[in-house]
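Input: a single structure, listed below in structure tokens.
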Ligand SMILES: [Fe+2]
């Protein structure tokens, strides 16, 4: 197995691995090490069947279904992320940088995303290293943030879906199950020990203990800082490309520059622990 870094900061392409073959302990150890080092890793030419996709995810933890999206029949955890102009004239909705599902008490460890149909041009995904973003803050700002907590809210992140016709009814169970939750503004990665800024523009509503104006200003600064180009990488999808990101220490953002072309991705999200 060989890693080809995309940047010095974040992201690497993994060569010489076939994810459609049984995963050996050595292969899994290599993937785990690469993920810890590069924070997001990519594979090319992996024609995954649902069972392959699930086997890879399960090697890292229990898959976590996402109640707001459709899934593959027989595979509740295999979420379909599809934008097809023949089905809906709505452009893709997620257009902000985020960490997945931080509204949960235990947000996901990571996600594995498989490209099934890609547009002829555009539709890249970007990732940002939250550990690099934390390291680049001044010691004074790091210290200020260390004991702070922030509120993460499903209803805020999904407010546009909730406002759409029928959205309130479709997502009622998710709203009920996911009241606003507190997480530390700086979390420590449970395996690598790296510290990371843990707020995101999709789900974080405020920093606890600050006035709303102070919180808004500080979050605006952090959101801008976290996506400094030097902390990011950008991946060009091909059919059967696979991305595996560590959701505990990265942000990501789809680039919606392909609509109205058709794009279909399939994702499994892996359960994580409580941020601390
Ligand atoms: Fe996401």
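We did not get these values from a lab; they are worked out from the coordinates using the rules stated. What you see is a predicted model; the values in this text were computed from it and never measured. Ideal geometry is used to build each Cβ from the backbone, glycine not excepted, and the neighbour counts take in all protein chains shown.
Brief remarks on what is shown
- For segment 122-263, dividing the convex hull volume of the Cα atoms by the residue count gives 155 Å³ per residue.
- Note on segment 43-150: percent of Cα-Cα distances in each 5 Å bin, starting at 0 and stopping at the bin with the largest distance, equals 2, 8, 14, 19, 19, 15, 9, 7, 5, 2, 0.
- Annotation for segment 129-146 versus segment 72-111: alpha-carbon center distance of 29 Å.
- Each listed q (0.12, 0.19, 0.21, 0.23 Å⁻¹) maps to a log10 I(q)/I(0) for segment 93-193 from the Debye sum over equal C-alpha point scatterers, namely -0.59, -1.17, -1.26, -1.33.
- Taking segment 77-118 and a reference point 7 angstrom along Cα→Cβ of residue 164, the backbone N atoms nearer than 18 Å belong to 79-97, 101.
- Rg in Å to one decimal, and Dmax rounded to a whole Å, for the chain via C-alpha atoms: 18.2, 54
- Expressed to the nearest 5 percent, the antiparallel share of DSSP beta bridges inside the chain is 95 percent.
- A straight line joining the Cα centroids of segment 218-276 and segment 17-71 runs 16 Å.
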